[in-house]
Every structure is written in C-alpha cells, then in structure tokens.
Amino acid sequence: MTILSDRDIKSYIQQKRILIEPFLEENIGPSSIDLRLDSKFLVFKHSDITHVDPRNVKREELMSEVIKEENQPFIIHPGEFILSNTIESVTLSADIVGKLDGRSSWGRLGIIVHSTAGNVHPGFSGQLTLEIANISKLPVCLYPNSKICQISFQLLSSPAEKPYNVRKESKYINQQGPGASRIDEEK
C-alpha cells in the first residue's frame, strides 16, 4: 500500500475520491489532514450502571450527551474514557483506506484519541467517532474546534469488492455525532 502525500491528497480531493466536509486546505500536512474536535461528548453513566453487556447494549441508559461551546472546555479526568467526534465528515472511495491517529501534541499530554478503531474503511462516509482516554495523572481541557487527530490515506491494491457503504453489516455509515457501540447488532 502507498501512503498519499500532500500533493496526492489535494489531487484526490479534487477528483472527489476523498471528500472532507468542511474542508480547510491549511489542515493538510505532508502526509495527512488534521481533523478537529466537535462540541458533543458521550460520557458513561458509571454511577448508574453496574456493567456493560455487549450482547444487550442499552445506549440511552449507558451514556449521556454533553455539549460544550467552542471556548468552553470539556475536562477529561485521569483514567476517564469518553466518545466524541470530528467536526469533519469523511467520505472515501472504494480504493482508499484512511488511518486515524492522534496528534503528537495531544499524546504528550496523555490524551489518546482512539483505543482500537484507527481504520476508516473504503466506502465509509460520516463523521469519525473518537474514543478518547486520558492516561495522564492530571485532568486535561478538551476545547471544541481543536485539531485533535489526523487522517492519512493508503491506496488499496484494487478497489474493495464490498466497500463499507454497500455492506449490510456496516453499522456506522453516515453517522453524525459521536456513535456509541453497536456491538449488540452483530450476529
């Protein structure tokens, strides 16, 4: 697989093989695009829930939504795990896979932006859910609109036979806002 350079990213955006909405050209780096933190956060109701059963996830009972203004931080405490999403919506053609990574500046503060879900499948379209954890010993302020992560792109050897947008089992297509787990929908 080949990782796209800044020049190729711009070309693929012009060809509409990669769509980023809203798109800010100044967020393109040498081999990735910085994405920004939205203002919505999902927080586990850990004082109300005794456990999580992956076969019977009750999303409404499990998490509550918190919305912050742009200059109002969400304070993530040590050991806390929350969900949020990117402001940008990402759409990929059937021959491109995205790789989501945290930015080093946030990692140096102890902020992890994805616990496992770093791949953005060919054919995906929607906002990206961020699985954010604070592994430091201090609370950290997360400000909406901050550049929190980056996405790089790799070319597949051939287009996916069943891209994400045509698979029946795709649970997160066209998602808007942070998406709680839908593991209970798996067969």
Exercise. Quick check, is residue 43 β-branched (Val, Ile, Thr), surrounded by 11 or more Cβ atoms within 10 Å (Cβ to Cβ) and in a strand (DSSP E or B)?
Worked result: yes
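Yes/no matrix, rows are residues, columns are (1) touching an Asp or Glu at 6+ places or on another chain (Cβ under 9 Å); (2) within 25 Å of residue 60 (Cβ to Cβ):
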| residue | (1), (2) |
| --- | --- |
| 77 | no, yes |
| 81 | yes, yes |
| 87 | yes, yes |
| 96 | no, no |
| 118 | yes, no |
| 143 | yes, no |
| 155 | yes, no |
Exercise. For the range 72-96, how many residues are touching a Pro at 6+ places or on another chain (Cβ under 8 Å) and of a type in the set (S, T, N, Q)?
Worked result: 4
Exercise. Out of 16, 99, 10, 68, which single residue is modelled with pLDDT of 95 or more, touching a Pro at 6+ places or on another chain (Cβ under 9 Å) and either surrounded by 13 or more Cβ atoms within 10 Å (Cβ to Cβ) or not hydrophobic (A, V, I, L, M, F, W, C) (or both)?
Worked result: 68
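The values are calculated or read from the model by the stated rules, or taken from the named source; none is laboratory data. Computed from a prediction, not measured in an experiment: that's the story for all the values here. A quick note on method: Cβ atoms are made from the backbone with ideal geometry, for glycine too, and the neighbour counts reach across all protein chains shown.
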